[in-house]
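The values are calculated or read from the model by the stated rules, or taken from the named source; none is laboratory data. Every value quoted in this text rests on a predicted model; they were computed, and no experiment measured them. Positions of Cβ are backbone-derived with ideal geometry, glycine not excepted, and every protein chain shown enters the neighbour counts. All accessible areas refer to the heavy atoms of the entire protein, side chains included, with ligands and DNA or RNA removed. Shrake-Rupley method; radii C 1.70, N 1.55, O 1.52, S 1.80 Å.
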Amino acid sequence: MAASKKAVLGPLVGAVDQGTSSTRFLVFNSKTAELLSHHQVEIKQEFPREGWVEQDPKEILHSVYECIEKTCEKLGQLNIDISNIKAIGVSNQRETTVVWDKLTGEPLYNAVAAPVSPGPSVPVAVVPSGSSVPAAGTSSVWLDLRTQSTVESLSKRIPGNNNFVKSKTGLPLSTYFSAVKLRWLLDNVRKVQKAVEEKRALFGTIDSWLIWSLTGGVNGGVHCTDVTNASRTMLFNIHSLEWDKQLCEFFGIPMEILPNVRSSSEIYGLMKISHSLKAGALEGVPISGCLGDQSAALVGQMCFQNGQAKNTYGTGCFLLCNTGHKCVFSDHGLLTTVAYKLGRDKPVYYALEGSVAIAGAVIRWLRDNLGIIESSEEIEKLAKEVGTSYGCYFVPAFSGLYAPYWEPSARGIICGLTQFTNKCHIAFAALEAVCFQTREILDAMNRDCGIPLSHLQVDGGMTSNKILMQLQADILYIPVVKPSMPETTALGAAMAAGAAEGVGVWSLEPEDLSAVTMERFEPQINAEESEIRYSTWKKAVMKSMGWVTTQSPESGIP
């Protein structure tokens, strides 16, 4: 960036984007939402036993320091004064659980991660009958086996406790959420038990650990979380917006170790100099935004209206639909969660959340298992060569069918093959499968909340595939809207931070957000053809059912 632009940049806002595989720090211009610079550091996942997924909280923290330091160096090289950074927001992987010693600042155990595997990280969901199954595309590696027995023992304690938990939290009783990870730590790690007994222990999700550390740690660090992260713990009442005493008693969690719950946009504390952060970069800058990653993407996509939805396309897909001020409970296995609360005195917004398990994963399968492509990018080229699946349908039910079908006996099928079918048609069918699955989740959301979508906002790595985006518009028969700036998760955290009372450098008024440009994909087929293709997909789904007649450990569904 030229030096002459330095004077007209205006206030800047930073965002920590801490995910399961990497940490990033990004700096945005608050007037234009332009990304000015960023730095990324990969972090390790540890697998001490099969099915155990852990991360080192100190490595995560140091990666944040490194990203801040390197980004500030890059801004300096661009002749941008870092003193223009007026606020910092935090977006984070949700559910991952940390317990640390408030006197020493040392973690008492590794962070127990939200389960991750070669398959997607998607929540355990509840079938309509009330029994729990993991979301699709999972395997025994994905399941955090250490907490399975904890869930089983809890589920026996109160008849119908799934409803007891779900009615308060919007979540099913499952291995995925923080409460059972924390219960496991209390039951199995002596250092954690002792620190709790001696009133030294603090619990938090990754956002809490980072904010406490960045605001001083043992020297006055602020122990807090926001409503979106709290809503993923299974300890938080999403109606009263407080930790729930009954839930804490049910899980046996001492309430004094829990962080204070704040809104997603307010000043939590100020950055303090750390020996790990050279030259006290950003000393005194307020940390004033905090959102779980999917909520951050919803805000970054500016889905502020009831009925607006975003879909993040990665290994799987995460769909969130803003349901306004109303908690909508799903009859189709979707989760009810807090979307955001952008200020202490601002109203809370809720969302329905659903996930497509096999999205980018099906492209990897074509590459790694069938070898019909050498890189994921090739899929678009192959699909473009034919422009149709020629009647071929691909149902990637590798580990059964999940929402809205809940059919563990299903397995993946490719059907409608003829002698004419080639790898290009199969590639096209794989892209269509991502879009058909997305439509099924969105149809379920429409049935649950009764608000038909007018358009779908999208982000994530797969959205660079223009054929996929056009197919999605055709199959949903509504426009698909993609922001030109793809970093919507970090942008959402920055927006929340910059808009906080006492910071006020970022306006969330619709007319002030028009600087973010969008690419729009309109349906290019007629409604009748869209419905015919979707009904044929459903016929293919029916054909995939009933392949497994007995459950086996390999099935991925208990």
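A few points about this structure:
- Single residue of the range 14-39 satisfying the filter (polar (S, T, N, Q) and surrounded by 17 or more Cβ atoms within 10 Å (Cβ to Cβ)) that is farthest from Ala296 (Cα to Cα): Ser37
- Selection within the range 304-340 - open to solvent by less than 10 Å² (accessible area, probe 1.4 Å), of a type outside the set (Phe, Trp, Tyr) and touching a Phe, Trp or Tyr at 6+ places or on another chain (Cβ under 9 Å): Lys310, Asn311, Asn322, Thr323, Gly324, Thr336, Thr337, Val338, Ala339
- Qualifying position, being under 30 Å from Thr169 (Cα atoms), touching a residue at least 12 places away in the same chain (Cβ under 8 Å), among the small types (Gly, Ala, Ser) and out of contact with any His (no Cβ under 6 Å at 6 or more places or on another chain), among Gly10, Gly89: Gly89
- Given (1) modelled with pLDDT under 95; (2) crowded, with 17+ Cβ neighbours inside 10 Å, number of the condition Val99 does not satisfy: (1)
- Where a residue in the range 320-349 is within 20 Å of Tyr405 (Cβ to Cβ) and its partner, wherever it lies, is open to solvent by less than 40 Å² (accessible area, probe 1.4 Å) and among the charged types (D, E, K, R), with Cβ under 6 Å and at least six apart: Ser330/Asp448; Leu335/Glu353
- The range 520-554, subset at pLDDT below 90 and in contact with a Pro (Cβ under 8 Å, 6 or more places away or on another chain), residue surrounded by the fewest Cβ atoms within 10 Å (Cβ to Cβ): Gln551
- Meets criteria (open to solvent by 30 Å² or more (accessible area, probe 1.4 Å) and at pLDDT 95 or above) for Glu509: no
- Within the option set Gly400, Gly450, Gly460, Gly387, being of a type in the set (Gly, Ala, Ser) and without any contact (Cβ under 8 Å) to a residue 12 or more places away in the chain holds for one residue only, Gly450.
- Options Glu50, Glu73, Glu46; residue that is more than 21 Å from Gly289 (Cβ to Cβ), open to solvent by 60 Å² or more (accessible area, probe 1.4 Å) and in contact with a His (Cβ under 9 Å, 6 or more places away or on another chain): Glu73
- None of Ala473, Ala403, Ala444 is touching a His at 6+ places or on another chain (Cβ under 8 Å) and in a helix (DSSP H, G or I) except Ala444.
For every residue, the table says whether it meets (1) small (Gly, Ala, Ser); (2) free of Cβ contacts under 8 Å to residues at least 24 places away in the same chain.
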site	(1), (2)
Gly360	yes, no
Trp365	no, no
Gly371	yes, yes
Arg411	no, no
